[in-house]
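Below is one structure; the comments refer to it alone.
The values are calculated or read from the model by the stated rules, or taken from the named source; none is laboratory data. Treat the numbers as computed from the prediction; the structure is a model and nothing was measured. Here the Cβ is made from the backbone with ideal geometry for all residues, glycine too, and neighbour counts use every protein chain on show. These area figures cover heavy atoms from the full protein model, side chains too; ligands, DNA and RNA do not enter into them. Shrake-Rupley method; radii C 1.70, N 1.55, O 1.52, S 1.80 Å.
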Amino acid sequence: MEVIIQKNKAAAVSLAAKLIAREIRKKADLVLGLATGRTMESLYAELAVMHNNEGLDFSLCRSFNLDEYIGLPPEHPGSYRYYMNEHLFNKVNIDLRNTHLPNGVAEDLDGEGERYEERIEACGGIDLQLLGIGCSGHIGFNEPLSSLMSKTRQKALTPVTIAQNSPLFDKPEDMPKRAFTMGVGTILESRRILMLVTGREKAQILAKAVEGPITSMVSATALQLHPATVVIVDEEAAELLQEKEYYHWIFNNEPEWEEFRV
Ligand code: F6R
């Protein structure tokens, strides 16, 4: 795992967007794993700008989102399909037929997880998975005690997650209490992972995720097992990290990051 600390949210978002753009330019039919949430909004806005100004081409990209609420149809403004259309898909030239989310209103809810895994596999697996982190330590909606080998399935959301996300609904009580989520095991199978974390309210959980012991109580700690994970954070989120100086040294000296240093 590598941790890159940027001075503020704008710089963190800009670096994350540049890394994604580099991967798309290297492989036009990249299979992207996508996340939703507040952190991703400015990242998707930046990718849309890169599409408009630099011709960043999504036409052959495929995408799989991490999660979707159970019971919300795609046209519901609280659904993650709606979010993705609004924030990214309608702003770039991705082919909507190549974009995938678990179906939260599938007739056969029990079979949906397995079908989703099969679709990911049929596309050759995820090349680059984007992640945020929730205050419960979740990645996707893998709440505490999610098996580190879990695959896409239904999950009951914790009170912490409900408190975090219900303000995003017009009527907070409308937020579903269950969701489909890729498993921790699904996420770990991605070839590369990019986690973006900003803001002081994430400092405590980020320190646990990155520098704490691996535990299913904090799903994000499983990323320590992944061979190609980059965590981009702003200074506020990095506040409680112990090895900041080392992370800065790596970013400022390793040739891999040369093109991204300003
Ligand atoms: C959403 C997802 C979640 C969010 C996390 C952070 O698809 O996978 O794990 O990334 O809850 O959300 P924000 O960015 O709203 O703090």
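Below, the figures for the structure above:
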quantity	calculated
Neighbourhood charge, 15 Å Cβ-Cβ cut-off, centred on ALA28 and excluding it, Lys, Arg +1 and Asp, Glu -1	-1
Residue-count net charge about GLY140 - beta-carbon cut-off 15 Å; Lys, Arg +1, Asp, Glu -1	-2
LEU34 long-range amide H proximity, modeled H, under 5 Å	PHE64, ASN65, LEU66, LEU130
Highest to lowest packing among 24-32, 177-185, scored as the average C-beta count within 10 Å	177-185, 24-32
Average Cα contact separation per residue, the chain, under 8 Å, 6 or more apart, as relative contact order %	25 percent
Nearby aspartates and glutamates by direct alpha-carbon distance to LYS151 (threshold 16 angstrom, same-chain neighbours under 8 apart not counted)	ASP67, GLU68, ASP110, GLU112, GLU114, GLU117, GLU118, GLU121, GLU143, GLU189
Surface accessible to a 1.4 Å probe, per residue, for the residues of the stretch 2-260, Å²	44 Å²
Neighbour net charge for VAL3 - beta-carbon separation under 10 angstrom, K R +1, D E -1	-2
Lysines with Cα under 25 Å of LYS26, excluding same-chain neighbours fewer than 8 positions away	LYS18, LYS91
About the Cα centre, charge dipole magnitude for the stretch 2-260 (Lys/Arg +1, Asp/Glu -1 at Cβ), debye	60 debye
For the stretch 1-97: relative contact order, % (alpha-carbon pairs under 8 angstrom, 6 or more apart)	28 percent
Protein accessible area in the stretch 2-260, 1.4 Å probe - carbon and sulfur %	51 percent
Percent of beta bridges antiparallel (DSSP, the chain, rounded to nearest 5)	25 percent
